[in-house]
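Notes to accompany the following structure.
The values are calculated or read from the model by the stated rules, or taken from the named source; none is laboratory data. Bear in mind the structure is a predicted one, so any value in this text is a computation, not a measurement. All Cβ positions, even for glycine, are placed from backbone atoms using ideal geometry, and neighbour counts span all protein chains on display. Areas reflect the complete protein model, heavy atoms only, side chains present, ligands, DNA and RNA absent. Shrake-Rupley method; radii C 1.70, N 1.55, O 1.52, S 1.80 Å.
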Amino acid sequence: MSKVLKLIEEDITRQRNTLVLIPSENYVSKNVLKALGSVLTNKYSEGFPGARYYGGNEIIDKIEIYCQQLANKVFKTDYAIVQPYSGSPANMAVLLTLAGLGGTVLGQSLFAGGHLTHGASASFTSQMFNAVQYGVRNDGRIDMEQVRSLAKIHKPKMIWVGTTAYPYILDYQGFAEIAESIDAWLVADIAHVAGLIAGGVHPSPVKYVDVITTTTHKTLRGPRGGMILITKKGLKKDPQLGKKIEKTVMPGLQGGPHDHQTAAIAVALEEILKPSFKKYAKQVIKNAKVLAKELGGISETHLVLVDLRKYGFGLGYQAQYALELAGITMNRNTVPKEAGSAFYPSGIRMGSPALTSRGMKEKDMVRIAGWIKQVLEEIRRHDLPKEQEKRKDFMKVYKQEMSKNKKLKAIRREVEKFAKKFPVPGVDN
Ligand SMILES: Cc1ncc(COP(=O)(O)O)c(C=O)c1O
């Protein structure tokens, strides 16, 4: 047997035995996996339906057109580009088309819950564009006054509205008013909440923005991928907008599309149109609310942000590590008025989409929150050193100590026993 196939088997066991609370992860269905692992990976089809640079694309054209139609139906948009390899390349294509190289772009800072590609200093989006960043107020919500004043001063060509670690509903209308006042393009990056919008449990930006970008692998429960959707509003401003962004995607940024991935996205979109997906989306929100309530966190979406400052200073990394030892995966995150750093933050971020896909309900969330609270008690008094130079060694010692922690080992045994009872979609059902 291939070594890789054996390793995949090992990861299936990991997926079965652990509790995934990473808000950007999910489980795809057997049919999505079937399309993704299909012979469509053999095909080259540079270009777009009806205008390919290779022969033999009659079926591929049908699949891509079907995928575009499904995307427009799900999100009530008017033009769909389904070829971007993932969320970041989709954002790159939009930035290059709407802001142009070196153009000014206003986006939410990484610290405040925005995505890397919205202008973070470590990302190409601040190196290739003039990135201006807005943040959140002391209460954690986006500072709309700051957005308005930065827009007025810097006159960005494009504004991002969309988040990666933000537990609140966004004010799309407020953003639209600001964008219109300076004649800027408004782009919603709905990567995190796309499935909630599709399921009708979260407001849609479609009325307010010109363009929407999304990943297809988070709450949408599709394969990894990206989509760019153009709204009526965007096409009214520029009827050629879709064609222009398409040209940036290919030949601008990419060669051949991943046809197996397009097919798998189409399968996921078919599933989203079934009534069972609406039920799923509702349950995602219910489960997140229970987690937030039990852990003293905040959630208006699928995502829960928990501030760990009540347990000590800079405990995000320590919490993530201890929880992983206990079989619960999530990630550390900065909190409003963060005094640590992005690497050593003071909070944890979790989400309910993956566990909800495994069939877990409110009572299961209460049980899981109970284990999380027990783990958090174990990390008390493991505060991050205030001196930066001491942090690396501190974590080394902390990890050694925690790996021997009997309480964490006991919780892990309970977690495994519990997790195994819930089938892993795509594998067990
Ligand atoms: C809001 C947002 N946009 C874009 C992306 C980028 O997607 P990808 O990781 O597929 O490049 C993410 C991924 O986390 C995201 O959360």
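Here's the yes/no breakdown for (1) more than 16 Å from the ligand (Cβ to nearest atom); (2) of a type in the set (Lys, Arg); (3) closer than 21 Å to Met330 by Cα:
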residue	(1), (2), (3)
Val4	yes, no, no
Leu7	yes, no, no
Gln15	yes, no, yes
Thr18	yes, no, yes
Ser24	no, no, yes
Lys30	yes, yes, no
Lys34	yes, yes, no
Lys43	yes, yes, no
Arg52	yes, yes, no
Region 149-183 - residue that is of a type in the set (Gly, Ala, Ser) and closer than 14 Å to Gly114 by Cβ and, of those, farthest from the ligand (Cβ to nearest atom): Ala165
Within region 1-38, tally of residues that are touching a residue at least 12 places away in the same chain (Cβ under 8 Å) and among the β-branched types (Val, Ile, Thr): 6
So Phe111, is it in contact with an Asp or Glu (Cβ under 7 Å, 6 or more places away or on another chain) and either within 14 Å of the ligand (Cβ to nearest atom) or open to solvent by 20 Å² or more (accessible area, probe 1.4 Å) (or both): yes
Matching entry among Gln146, Gln133 (being open to solvent by 30 Å² or more (accessible area, probe 1.4 Å), more than 16 Å from the ligand (Cβ to nearest atom) and within 19 Å of Ala112 (Cβ to Cβ)): Gln146
